[in-house]
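Each reported figure results from applying straightforward, stated rules to the coordinates on display, with no laboratory input. All values reported here derive from a predicted model rather than from experimental measurement. Note: ideal-geometry Cβ built from the backbone for every residue, glycine included; neighbour counts use all protein chains shown.
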Amino acid sequence: MSGLSVRGRAAPVPTAILADLLDFQADPGLVDPISAAVRWRPAHWLLIDATGRIAAVQPEAPGDDWLKLDRSGQLLMPGFIDTHVHSPQLDVIASWGTELLDWLERYTFPAEARHADPDFARAAAALFLDALLAHGSTSAVVFPTVHLASTEALFEAARDRGMRLVTGKVLMDRNAPEALRDDVVQAERDCRAQIARWHGVGRLAYAVTPRFAVTSSPAQLSMAGRLLADHPGVYLQTHVAENRAEVAWIAELFPEARSYLDVYAGHGLLTERSVLAHGIWLDDADRRLLQQTGAQIAFCPSSNLFLGSGLFGWQQAAAQGVNVSLASDVGGGTSLAMLRNLADGYKLQAMAGQRLSAWALLHAATRGAAQALRLDQEIGSLEPGLMADACLWDWAVGPVALRRDGLARELHERVFAWMMLGDERNLVECWVGGVSRYLRT
Ligand code: GUN
Ligand code: ZN
């Protein structure tokens, strides 16, 4: 292919890429295929400086001191941001026949128990991050396992790749197998040590990570709240209101709470850096709480379909001003490719009576996610000063997609067909902080 010598180097060389650039300069809304928020710059050069940041976007070629890559006719977008994914669950992706609670018990917990072994965890973390990059996601909010070894391995592997990663040791002290349980005192000590070691180091951030209120005692949830209160800027990630049996169990475990989300609110876990996966079974009062706190919902369409969890109400969430991002939730989801998840998201919302624009979906996986994570000064668009996390895509792979692409009459039609028909096979190259980290062979 390109014979690029910069791939995987520790520092980027000043590089200029000529391609068709697509990103967003505002929120395009949910349904309008014509939007001033869309920034379409065909046949433009993206200039990446030696610090790995975007230096400029311009129609004319830069001077001789730039390494020039002519990728005319290919699509260059910000790297996708997967706001909810489980690194140990590549091993259980596509496991048959269960809803959430049985799926956890039968497949997921046994697979996660293997990550107590540091060598196993290191190999798994490397495989996982390389797979994310090979699917076009350059940033992610990730659940490892309860084991320190798996979190350490993930932070180290992300640091080695220069990736923006948000993660933290999973907290779970009940309703789980012995090999996956921690306790409040030791877990607090471990989290404080990990926050000191990793939060704010390079592009890494810590997320306090109670798995969900089923597997954390009230004492552990209170401890998680203390960690957040003591460390402004640290994230919170968890699951909420995904599955009806799960919601019923929460009502038994926390009879005093008004709702599932209220359990988290009551323990001080809702902040503008909280990422809550799913949020299918929420009501208006819950959505008000999300809006007031600035917490976001990570909509996980592939997982919601695969586990039969339900229809997320994006329209209601948007109407109440809730931040919504897109996520794969692998291994509940069946693909790391955000393109596949976006296509599933379109179909799920169609079932709910809403035809989302390609812009709404792509925005939620790039600039929208970056804003919800308060990281839009670093990632999510092709703007000078931001990190050069970008992916180069073929518009079409295979005879059907090629034919459809050739028939598209305007931009939204073309991008929508790309989004619905594309997957990781369309990915040509992926840069993280200006360094080429994936190149299709
Ligand atoms: N709820 C608690 N744990 C999990 C998990 O690993 N995956 C999903 N989809 N939901 C969860
Ligand atoms: Zn999940």
How would Val208, Val397, Val214 line up from fewest to most surrounding beta-carbon atoms within 10 angstrom?
Val397, Val214, Val208
Run the simple label-point estimate for Leu101 and Thr51 please: 7 Å along Cα→C-beta, distance reported in nm.
5.2 nm
Contour minus Cα-Cα span, Ala350 to Ala229, at 0.36 nm per residue, comes to 39.6 nm
Rough spin-label spacing in nm, given labels placed 7 Å along Cα→Cβ, for Arg440 and Gln58:
3.0 nm
Computed over the chain: longest principal axis from alpha-carbon atoms vs helix 118-134 long axis, angle to nearest 10 degrees, is 40 degrees
Considering only the chain, what is the antiparallel percent among its DSSP beta bridges, to the nearest 5?
45 percent
Taking neighbour Cβ counts within 10 Å as the exposure measure, how do Arg39, Arg273 sort from fewest upward?
Arg39, Arg273
Got a sec? How would Thr138, Thr441, Thr83 order by Cβ neighbour count within 10 Å, fewest to most?
Thr441, Thr138, Thr83
Net length gained if the chain between Ala248 and Arg189 were fully extended (0.36 nm per residue, minus Cα distance):
18.0 nm
Sorting check: for 432-438, 388-394, which peptide has the highest mean count of neighbouring beta carbons within 10 Å, and how do the rest follow?
388-394, 432-438
Expressed in nanometres to one decimal, the distance between label points 7 Å along Cα→Cβ at Trp40 and Leu90 is 3.6 nm
Which FRET efficiency, nearest 0.05, do Ala319 and Ala26 yield, Cβ-Cβ r, R0 22 Å?
0.75
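Could you work out how much longer the chain between Arg258 and Ala179 gets when fully extended? Use 0.36 nm per residue separation minus the Cα distance between them, nm to one decimal. Walk me through the numbers on the way to the answer.
Working: separation 79, 0.36 × 79 = 28.44 nm, distance 3.21 nm.
Going from the current span to full extension adds 25.2 nm.
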From the phi of every residue in the range 157-172, what ³J(HN,Hα) in whole Hz does the Karplus formula 6.51 cos²θ - 1.76 cosθ + 1.60 yield, where θ is phi - 60° and glycine or proline is x?
5, 5, 4, 4, 9, x, 8, 7, 9, 10, 7, x, 3, 5, 9, 7
